[in-house]
1. Please return the longest range in the chain lying between exposed loop sites, taking GluC sites (Glu not before Pro), DSSP loop only, at most 10 other beta-carbon atoms within 10 Å, and leaving the sites out.
2. Tally the DSSP beta bridges in the chain and give the antiparallel ones as a percent, rounded to 5.
3. Report, in order of residue number, the helices in the chain meeting two criteria: a C-alpha extent of 24 Å or more along the helix axis, and a mean Kyte-Doolittle hydropathy of at least 0.0; treat each whole DSSP H run as one helix.
4. Cross-link candidates for residue 206: which aspartates and glutamates have Cα within less than 18 Å, leaving aside residues fewer than 8 places away along the same chain?
5. Roughly how many Å² is the accessible area per residue of region 71-213, as a whole number, for a 1.4 Å probe?
6. Can you list, largest first and rounded to whole Å, the semi-axes you get for region 166-213 by taking the square root of 5 times each eigenvalue of its Cα gyration tensor?
7. Which is the longest run of the chain containing none of the trypsin sites (Lys or Arg not before Pro) found in DSSP loop states (not H, G, I, E, B) with at most 15 other C-beta atoms within 10 Å?
8. Using 0.36 nm per residue of separation minus the Cα-Cα distance, give me the extension gain between residue 189 and residue 82 in nm, one decimal.
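The values are calculated or read from the model by the stated rules, or taken from the named source; none is laboratory data. What you are looking at is a predicted structure, and each value in this text was computed from that prediction instead of being measured. When we count neighbours, we look across all protein chains shown, and the Cβ atoms used for this are built from the backbone with ideal geometry, even at glycine. Quick note on the areas: whole protein, heavy atoms, side chains included, nothing else; ligands and nucleic acids left out. Shrake-Rupley method; radii C 1.70, N 1.55, O 1.52, S 1.80 Å.
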Amino acid sequence: QGLKLLIDLSSGINLFPDLRLMENLREDYLASLTAIEDVMGKMEVLSAHNLILSLHRYPENNFSKEQSWQAVERTVRQLCERARRQEVTVHLRLSVGKPPEDLKKGVEFVGRVGAANLRLAPSMAFLLANKTDLSEATTLLKEKVGLWLVNTPRMDAVGSVWNANAPIWGYQDTQILAKIVAMAPEAPLVLDAVYKNQDEEYLDAKSLQEILT
């Protein structure tokens, strides 16, 4: 039926206690690589060709930000090479609360990794929460978006994001959501909100259809 299977590791990539992408603790790093490569091996069996990754926070001590970026770049480059042999596209999730902190840094990271099969997976909530200039974003994202993660942010009284995975239904400015999708209309859209029930899931699918038309 043309079903595409997306494998998303980003919830487990958190430095500790689960998966890390930098070799600041060798034993934990090797265990993380083993787990990720095991999943990638299963992807081959399932004929899955899309893998979503995220980055994670910086270590609290004994490892600088510069070291962190260099280490993560090496790991993502290594994973992309493994993925290339399996004809897998790797999508870097851009989301609130994890590096890279803004769109420009995300684009620069992908450029430094230099893997042809590494694409960006920006979440709508990420772009909205950062008040991203969409005219600038259109240039930055040209031919770099692998898929869109469909969600919206919810802010608290002081303007901080307390929910980066809210549905799009009920969001006031639907025009800006349409403008985001229009930056890369060929990219698949993946519902990436947390739903209380199937009714909310239906409402989001309906809202997305209205935005696209």
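1. The longest uninterrupted stretch comes out as 1-59.
2. In the chain, DSSP labels about 15 percent of beta bridges as antiparallel.
3. Result, helices passing both filters: 26-46.
4. 173, 192
5. Result: 52 Å² of accessible area for each residue.
6. Over the Cα atoms of region 166-213, the semi-axes work out to 19, 12, 9 Å.
7. No qualifying site falls inside 58-130, the longest such stretch.
8. Stretched fully, the residue 189-residue 82 segment lengthens by 36.0 nm.
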